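*Asks:* Take a look at the following structure, please.
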Amino acid sequence: MANVLVIGGGGREHALCWRLKQSPSVKQVFCSPGNGGIAEDVTCTQLKTPDAVIDFCKEKKIDLVVIGPEQPLVEGWADALAVTGISIFGPSAKAARLEGSKGFMKSICNKYGIPTAAYGFFTDAKNAKKFVATHACPIVVKADGLAAGKGVIIAQTRKEADVAIDDMFAGKIAGGKSVVIEEFLEGEEVSFFALGDGETAIEFGYAQDHKRAYDGDKGPNTGGMGAFSPPPIMTDALRRTVMQAIILPTMSAMKKEGCPFKGVLFAGLMLTKQGPKLLEYNARFGDPETQSLMMRFDGDLYQVLLACAQGKLDKTKLSFSKKAAVCVVMAAKGYPGNYEKGSEIKGLDKAGKIDDVKIFHAGTEKRGNTIVAVGGRVLGVTALGDTIAGAQKKAYQAVDSIEWPKGFCRRDIGWRAIKN
C-alpha cells in the first residue's frame with residue numbers, strides 16, 4: 001500500500017486527493033498546504049521548500065509526489081526531488097517552459113510544424129506596437145511568463161493592444177518583460193489532456209471551460225467559472241487529429257530538445273474551420289477541468305500517475321465513465337477583481353449529500369467548525385449525470401443548497417453542450 005503527497009491547495013488538488021484516496025493501492029494521502037475542504041478528506045501539512053518535501057517524504061515513506069500547480073514546476077521542484085530518487089508526477093523546469101514561457105512554446109510550434117496562431121515575440125514595447133499596427137484586430141496580447149491566468153488580453157482595437165503592451169512592460173500585468181502577440185482565432189475552445197513519460201504519450205481526457213465571469217460568456221476573463229466533460233464537439237476523429245498533429249509532435253520535439261516531457265500536458269485548443277490549433281500549453285492539470293475529469297475517472301489513479309512518473313505508460317490503460325460531469329465554480333463577489341475574505345459558508349453538508357455530487361474546495365479555510373472563504377474562486381460544485389443536462393441539474397441543486405450570500409456563480413455552465 002502506497003503513501004502519496006500532493007503539492008498544492010486548490011480545487012484541482014482537492015479533486016486529485018479525493019480520487020487518489022479511492023485508489024485501492026493507496027494507504028494514505030497527504031497534501032501541502034491543502035485547504036479547508038481538502039483537510040476533511042486527507043491529512044494536510046505545510047511544506048514550503050523542496051528540502052522540506054524531501055524530509056517529509058523520508059519520514060512518511062512517500063512513494064509518489066504529485067505536483068499540482070505551475071509555479072513549483074517552473075521553479076524546478078520536480079528536478080530537486082528527482083535527484084533523491086523519489087517518484088515525481090510533474091515535468092522538469094526545462095520541460096515546464098511549455099507553460100512558463102509562451103515564447104518558448106511558440107518557438108517549439110514554429111520549429112516542429114505544430115498548428116498554432118501566427119505570432120510575433122517581442123522584448124520591447126516599440127517593436128510590439130509596430131507589429132500590432134500592421135495586423136488586423138481583434139488581436140491577442142500575451143505576457144510571456146506565468147500570470148495566474150490573467151496574462152492574456154484580447155484587444156478589440158489597436159489602442160487597446162497598445163495599452164496592454166504598455167501595462168505588461170510596466171509590470172502592471174504579471175508575466176515578465178516580454179510579450180507574444182498573435183492572431184485572433186475563431187471557433188470553440190477545448191481543454192485536451194494527455195499524459196507523457198518522456199517516450200510514450202496517451203490521451204487522458206478533455207473538457208470545456210467557461211472563462212468569462214458572467215452568464216452568456218460576458219464580463220472579464222477569470223481562471224475558470226466552471227467546466228463540463230465530455231464536450232460533444234470532441235469526436236473520435238478530432239481526438240485522433242489532436243494527438244497526431246499536436247500532442248505527439250510536441251512530445252517528440254521536447255525529447256529532441258533535450259527536455260523530455262513527463263507529466264500531464266494540458267493543451268488549450270481552438271477548433272477552427274481549418275482544424276484544431278494550439279492556443280497554449282499548461283504543464284499541469286487544469287482547474288476547474290480536473291474536477292470534472294476526476295468525477296468521470298474509473299480505476300486506480302495512483303497506478304496511472306506512478307506509471308507516468310516511472311516511464312511505463314506504454315503498459316497503461318485508462319478508463320472513464322460514459323457519464324457526464326459538470327463543475328460549477330462558486331466565487332467571491334467581486335472576483336476576478338477585488339473581493340472580500342473571511343465570509344462564512346453554510347449548507348455544505350446538505351449539498352454534499354445529494355447523489356453523485358462532490359464539492360471540491362479551492363479558496364477555503366477551516367476556522368473551528370466553520371468553513372470560510374479566503375480566495376477568489378472558492379468552491380467547485382461538481383456533479384455526475386447520464387447527460388450534461390442531468391449533471392448540470394444536480395450541480396445547481398447542490399449550489400442552491402449552499403448558503404453563502406457573499407458568493408456568486410454562473411447559471412449556464414455546460415450551455416454549449418445542452419444547446420446542441
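*Asks:* Scale the Cα Rg of the stretch 75-139 by the rule-of-thumb value 2.2 N^0.38 Å and send over the ratio, two decimals. If you can, show how the numbers build up before the last one.
*Replies:* Working: Rg = 16.9 Å, N = 65, 2.2 N^0.38 = 10.7 Å.
Here the answer is 1.57, to two decimals.
*Asks:* Could I ask something else about it? Considering only protein heavy atoms, with the full assembly of protein chains and a 1.4 angstrom probe, order D298, D314, D167 by accessible area, largest first. If you can, show how the numbers build up before the last one.
*Replies:* Values: D298 75, D314 105, D167 40 Å².
The ordering from most to least exposed comes out as D314, D298, D167.
*Asks:* Can I ask one more? Using R₀ = 41 Å, calculate the FRET efficiency as 1/(1 + (r/R₀)^6) where r is the Cβ-Cβ separation of Q310 and R212; round to 0.05. Don't jump to the answer; show the numbers that get you there.
*Replies:* Values: r = 40 Å, r/R0 = 0.97.
E between Q310 and R212, to the nearest 0.05, is 0.55.
*Asks:* Too long at a 25 Å Cα-Cα cut-off: which of K106/K172; K172/K341; K21/K315; K21/K58; K129/K172? The partial results should precede the final answer.
*Replies:* On the way: K106/K172 23 Å; K172/K341 23 Å; K21/K315 23 Å; K21/K58 20 Å; K129/K172 17 Å.
Violating the 25 Å Cα-Cα cut-off are zero pairs.
*Asks:* Also, quick follow-up: Viscosity 1.567 mPa s, temperature 4 °C: Stokes-Einstein D of the stretch 362-408 from its Kirkwood Cα radius, in µm² per second? Let's see the in-between values first.
*Replies:* On the way: Rh = 12.0 Å.
Once the numbers are plugged in, D ends up at 108 µm²/s.
*Asks:* Now, a different point. At q = 0.16, 0.25, 0.26 Å⁻¹, what is the base-10 log of I(q)/I(0) for the stretch 29-116 according to the Debye formula with one equal point scatterer per Cα and no solvent? Please give it to two decimals.
*Replies:* Values returned for q = 0.16, 0.25, 0.26 Å⁻¹ are -0.69, -1.22, -1.29.
*Asks:* Could you derive backbone 3J(HN,Hα) for the stretch 335-342 from the dihedral phi with the Karplus parameters 6.51, -1.76 and 1.60 (θ = phi - 60°), listing whole Hz in sequence and x where the residue is Gly or Pro?
*Replies:* Listing the rounded values in order: 4, x, x, 6, 9, 7, 10, x Hz.
*Asks:* Under the Karplus relation 6.51 cos²θ - 1.76 cosθ + 1.60, θ = phi - 60°, what is the ordered set of whole-Hz ³J(HN,Hα) values for the stretch 196-207, x standing for Gly and Pro?
*Replies:* x, 10, x, 10, 10, 10, 10, 5, 10, x, 7, 7
*Asks:* A further question on this structure: Ranked from the most accessible area to the least, with a 1.4 Å probe and all protein chains present, what is the order of R410, R377?
*Replies:* Working: R410 0, R377 60 Å².
Order by accessible area, largest first: R377, R410.
*Asks:* With Rg and the Kirkwood Rh both taken from Cα atoms, where does Rg over Rh land for the stretch 216-363? Please list the in-between numbers first.
*Replies:* Details: Rg = 18.2 Å, Rh = 18.3 Å.
The Rg/Rh ratio comes out at 1.00.
*Asks:* In a Gaussian network model over the chain where Cα atoms closer than 10 Å are linked, find which of K102, K60, K262 has the largest mean-square fluctuation.
*Replies:* Of the options given, K60 has the highest mean-square fluctuation.
*Asks:* Sorted from largest down, give the three principal axis spans of the alpha carbons of the stretch 193-262, whole angstrom values.
*Replies:* Over the stretch 193-262, Cα extents along the principal axes are 43, 26, 16 Å.
*Asks:* At 0.36 nm per residue, minus the direct Cα-Cα distance, what do T241 and S25 gain on full extension? Give it in nm, one decimal, please. Working shown, then result.
*Replies:* Details: separation 216, 0.36 × 216 = 77.76 nm, distance 3.44 nm.
In short, 74.3 nm is gained.
*Asks:* Which whole-number value in Å² is the accessible area per residue of the stretch 294-371, probe 1.4 Å?
*Replies:* Values: 3930 Å² over 78 residues.
Per-residue value: 50 Å².
*Asks:* Got a sec? Which residues in the stretch 265-302 would a label at L318 touch, if it sits 7 Å along Cα→Cβ and we count backbone N under 15 Å?
*Replies:* Zone members listed by number: 265-269, 282-287, 289-302.
*Asks:* Let me ask something else. With +1 on each Lys and Arg Cβ and -1 on each Asp and Glu Cβ, how big is the dipole of the chain about its Cα centre, in debye rounded to the nearest 20? All intermediate terms of the calculation are to be shown ahead of the outcome.
*Replies:* Working: 55 positive and 46 negative charges, 57 e Å.
I would put it at about 280 debye.
*Asks:* Excluding ligands and nucleic acids, what accessible area in Å² is computed for E340 using a 1.4 Å probe, to the nearest 10?
*Replies:* It works out to around 100 Å².
*Asks:* Taking all protein chains in place and a 1.4 Å probe, what share, in percent, of the accessible surface of the chain do carbon and sulfur account for?
*Replies:* On the way: 8570 of 17560 Å².
Using a 1.4 Å probe with all protein chains present, the chain comes out at 49 percent carbon and sulfur.
*Asks:* Please work out whether the stretch 1-70 counts as rounded, prolate or oblate from its C-alpha gyration tensor, where a ≥ b ≥ c are the square roots of the eigenvalues and a/c under 1.5 means rounded, while otherwise a/b larger than b/c means prolate and anything else oblate?
*Replies:* Details: a/c = 1.67, a/b = 1.06, b/c = 1.57.
The shape class here is oblate.
*Asks:* In addition: Dipole of the stretch 57-212 (Lys/Arg Cβ +1, Asp/Glu Cβ -1, origin at the Cα centre): which of L185, F169, A93 lies farthest to the positive side?
*Replies:* F169
*Asks:* Between rounded, prolate and oblate, where does the stretch 224-292 land on the alpha carbon gyration tensor, with a ≥ b ≥ c its root eigenvalues, rounded for a/c under 1.5, else prolate if a/b exceeds b/c? If you can, show how the numbers build up before the last one.
*Replies:* Details: a/c = 2.17, a/b = 1.27, b/c = 1.72.
Cα axes put the stretch 224-292 in the oblate bin.
*Asks:* Hey, could you get me the Stokes-Einstein D for the stretch 87-212, Kirkwood radius over alpha-carbon pairs, 20 °C and 1.002 mPa s, rounded to whole µm² s⁻¹?
*Replies:* Stokes-Einstein gives a translational diffusion coefficient of 135 µm²/s.
*Asks:* Could you name the aspartates and glutamates in cross-link range of K102, using Cα to Cα under 15 Å and dropping any fewer than eight places away on the same chain?
*Replies:* Leaving aside aspartates and glutamates fewer than 8 places away in the same chain, those within reach of K102 are E70, D144, E182, E183, E280.
*Asks:* Could you pull out every residue, at least 5 positions away or on a different chain, whose amide H is within less than 5 Å of the one on L279? Hs are placed 1.01 Å off N in the peptide plane, and Pro or chain starts have none.
*Replies:* It is G268, L269, M270, by chain and number.
*Asks:* Turning to a different aspect of this structure: Using a 1.4 Å probe on the protein heavy atoms only, what accessible surface does C327 show? Give it in Å² to the nearest 10.
*Replies:* Per-residue accessible area (C327): approximately 0 Å².
*Asks:* OK, next. Kindly list the residues of the stretch 398-420 that lie in the label zone of K350, defined by a backbone N under 19 Å from the point 7 Å along the Cα-to-C-beta vector.
*Replies:* 398-409
*Asks:* A further question follows. Could you tell me the largest-minus-smallest coordinate of the C-alpha atoms of the stretch 297-348 on each of the three principal axes, in descending order and whole angstroms?
*Replies:* Reported extents, whole Å, longest axis first: 48, 26, 19.
*Asks:* Please list 3J(HN,Hα) in residue order for the stretch 345-351, calculated via the Karplus relation 6.51 cos²θ - 1.76 cosθ + 1.60 where θ = phi - 60°; whole Hz, with x for glycine and proline.
*Replies:* Ordered by residue, 3J(HN,Hα) equals 10, 10, x, 5, 4, 4, 5 Hz.
*Asks:* What Kirkwood radius, in Å to one decimal, follows from the Cα pairs of the stretch 278-407? All intermediate terms of the calculation are to be shown ahead of the outcome.
*Replies:* Numbers: mean 1/r = 0.0615 Å⁻¹.
Result for the stretch 278-407 stands at 16.3 Å.
The values are calculated or read from the model by the stated rules, or taken from the named source; none is laboratory data. Keep in mind that this is a model prediction, so the values were computed, not measured. Glycine gets a Cβ as well: all are built from the backbone with ideal geometry, and neighbour counts include every protein chain shown. We work out accessible area using only protein heavy atoms, side chains counted, and drop any ligands, DNA or RNA first. Shrake-Rupley method; radii C 1.70, N 1.55, O 1.52, S 1.80 Å.
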